[in-house]
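Following: one structure in structure tokens, then a few remarks.
The values are calculated or read from the model by the stated rules, or taken from the named source; none is laboratory data. Remember, it's a predicted structure, so these values are computed and weren't measured experimentally. All Cβ positions, glycine included, derive from the backbone under ideal geometry; neighbour counts span all protein chains shown. The area values use the complete protein model at the heavy-atom level, side chains included, leaving out ligands, DNA and RNA. Shrake-Rupley method; radii C 1.70, N 1.55, O 1.52, S 1.80 Å.
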Amino acid sequence: MSFLILSLETSSSICSVALHRVADGSLVGQSELRLEKSHSSHLSVLVNQLLENCQYTLQDVAAVAVSDGPGSYTGLRIGAAAAKGLCFALEIPLVAISTLQALAYQVASYTARPEQYLFCPMLDARRMEVYAALYTHEGREVLAPTPLILEETTLAEQLAHHRLLCFGNGAVKFQPLVAGNVHADFLADIQPSAVAVGALAVQAFREQDFRDVAYYEPFYLKEVYTTTPRPKA
């Protein structure tokens, strides 16, 4: 009987995979590679190595969970394609977990007195824009994932009434803009992890919150912009 959830996190430059037990949500193992543009060539290798190191096979996997976005367009596409391929081949369900929600869960799980904060994951969206959201320590969504232009007045209303803990690779751009605000706290070097995706996926699996494998697309949040090459003279 299959009893593991395999989780894939490819929304950032880090390629991360994890295994959790469905029965109790415990972490079986994890592996990650911090190498730029490595997802397409290394994701399947990481999955196979993790299963082998933990002495399991793909036949022990009951579902595949994938980081749903927002994040890197290319990374999300690679993760979605790999997850869908595994689900089709193994005839198992697909679970999609918000990248921002997983980041918030990840930080809240080890924060002392988490009830005093709203958790604000921020992912870099280039220039002075980020993808951000707000969550309570219990995971309740206060601000849905949204693209934000960073200015001194960004999240001013929330900062007037709550203490915000900001993190993710976009938070570093926001920190100097609110340097004098005592309600704004920051954590450095917080990266998306398949471990957090898997922890949330266990509950989703129990609730049978699955996605349609055939039609699933990642949550890009913004349109994917492409350009047409100019014709050669």
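Here is how the numbers come out for the structure above:
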quantity	calculated
Where a residue in segment 184-198 is within 12 Å of ALA171 (Cβ to Cβ) and its partner, wherever it lies, is surrounded by fewer than 18 Cβ atoms within 10 Å (Cβ to Cβ) and not acidic (Asp, Glu), with Cβ under 7 Å and at least six apart	ASP185/ARG163; PHE186/GLN175
Filtered residues of segment 65-88 (kept if touching a helix residue (DSSP H, G or I) at 6+ places or on another chain (Cβ under 8 Å) and open to solvent by 10 Å² or more (accessible area, probe 1.4 Å))	ASP68, GLY71, THR74, ILE78, ALA82, LEU86
Residue within segment 143-157 that is surrounded by fewer than 16 Cβ atoms within 10 Å (Cβ to Cβ), more than 22 Å from TYR110 (Cβ to Cβ), β-branched (Val, Ile, Thr) and in contact (Cβ under 8 Å) with a residue 12 or more places away in the chain present	yes
Selection count, segment 24-59, where residues are assigned to a helix (DSSP H, G or I) and open to solvent by less than 40 Å² (accessible area, probe 1.4 Å)	6
Among the residues listed as ALA81, ALA133, ALA108, the single one being free of Cβ contacts under 8 Å to residues at least 24 places away in the same chain and of a type in the set (A, V, I, L, M)	ALA81
Candidate set: segment 34-86, residues that are of a type in the set (Lys, Arg) and in contact with a strand residue (DSSP E or B) (Cβ under 7 Å, 6 or more places away or on another chain); chosen: the one farthest from ASP212 (Cα to Cα)	ARG34
Residue check for ALA133: at pLDDT 95 or above, open to solvent by less than 60 Å² (accessible area, probe 1.4 Å) and assigned to a helix (DSSP H, G or I)	no
Segment 164-186: number of residues that are of a type in the set (A, V, I, L, M) and under 25 Å from VAL66 (Cβ atoms)	1
Test result for ALA96, open to solvent by less than 10 Å² (accessible area, probe 1.4 Å), modelled with pLDDT of 95 or more and in contact with a strand residue (DSSP E or B) (Cβ under 8 Å, 6 or more places away or on another chain)	no
Options LEU94, LEU33; residue that is touching a residue at least 60 places away in the same chain (Cβ under 8 Å) and of a type outside the set (Val, Ile, Thr)	LEU94
Evaluation of ARG127 against (1) at pLDDT below 95; (2) within 29 Å of SER44 (Cα to Cα); (3) not in a helix (DSSP H, G or I) (one fails), failing number	(2)
Counted residues, segment 168-205 - those being in contact with a Gly (Cβ under 7 Å, 6 or more places away or on another chain) and open to solvent by 50 Å² or more (accessible area, probe 1.4 Å)	0
Residue in segment 3-23 that is open to solvent by less than 10 Å² (accessible area, probe 1.4 Å), within 21 Å of ARG206 (Cα to Cα) and either part of a helix (DSSP H, G or I) or touching a His at 6+ places or on another chain (Cβ under 6 Å) (or both) present	yes
